[in-house]
Structure formats: C-alpha cells, structure tokens
Amino acid sequence: AALARLVAEAAAAAVARSGRFTLGLSGGSLVELLARELPAALRAEAGAEPARWLVAFCDERLVPPEHPQSTFGAYRVSAGR
C-alpha cells in the first residue's frame, strides 16, 4: 500500500507541475501488488489523473502482450481487462 501511495503522490505532483506523469513498470511481484493497491491509492489522490500518464512496460523477454510471460499482459490480466 505504501508503494501505491508513493506512486499516486508522485503522479499528482508531476501532473500538477508538467501536466503528465511518466512511469516505467517491471513485472514480477509488482504486478499483483500494484493491481491490488493502486486503484485505492488513486481514488485517495485526486490530482493523480491516470489519463495523463505515460506508462512504459519494461520486459527484457521481448514477447508479445498475449504471451504468458509478458509484463504488459500480466498487468492487463491483473486489472481484469
């Protein structure tokens, strides 16, 4: 929960300062943690504005999004999409 709050606070500050927030995400245990904790943290941080985020998925395996080891795919599945 602390990491999700930190991300939401950083996002709100960046959006207020420059109109956007850039975030690079890796896979592993971060996927489940952020999928579980970030939605509540964003609801608590009004200025975070996810629509103003640029998200980069770090994936050294170079697999397509639908591949079971895809970082992007893991986030999409965890988010229920």
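The values are calculated or read from the model by the stated rules, or taken from the named source; none is laboratory data. Bear in mind the structure is a predicted one, so any value in this text is a computation, not a measurement. For neighbour counting, all protein chains shown are included, and Cβ atoms are generated from backbone atoms with ideal geometry for every residue, glycine included. What goes into the accessible areas is simple: the full protein's heavy atoms, side chains included, and nothing from ligands, DNA or RNA. Shrake-Rupley method; radii C 1.70, N 1.55, O 1.52, S 1.80 Å.
For S18, project a label point 7 Å along Cα to C-beta. Then give me every residue of region 32-47 with its amide nitrogen under 19 Å of that point.
Inside the label zone: 47.
Heavy-atom accessible area per residue, the chain, 1.4 Å probe: how many Å²?
Accessible surface, normalised per residue, equals 65 Å².
Can you give the relative contact order of region 1-79 as a percent, counting alpha carbon pairs under 8 Å and 6+ residues apart? It would help to have the intermediate numbers written out before the result.
Working: 103 pairs, mean separation 28.5, N = 79.
Dividing the mean separation by the residue count of region 1-79 yields 36 percent.
Pick out, in residue order, every one of the trypsin sites (Lys or Arg not before Pro) in region 1-62 that is DSSP loop and has at most 11 other C-beta atoms within 10 Å; say none if there are none.
Numbers: sites: R5, R17, R20, R36, R43, R52, R61; in loops: R20, R61.
Sites meeting the loop and neighbour criteria: R61.
Calculate log10 I(q)/I(0) of the chain for q = 0.19, 0.24, 0.25 Å⁻¹, where I(q) comes from the Debye formula with a single equal point scatterer on each Cα and nothing for solvent.
Listed by q, the Debye log ratios stand at -0.82, -1.14, -1.20.
What's the longest bit of the chain with no exposed GluC sites (Glu not before Pro), using DSSP loop states and at most 13 other Cβ atoms within 10 Å as the test?
Values: sites that count: E60, E66.
No qualifying site falls inside 1-59, the longest such stretch.
In the chain, what percent of the accessible surface is made up of carbon and sulfur (1.4 Å probe, ligands and nucleic acids excluded)?
Values: 3030 of 5260 Å².
Carbon with sulfur: 58 percent of the solvent-accessible area.
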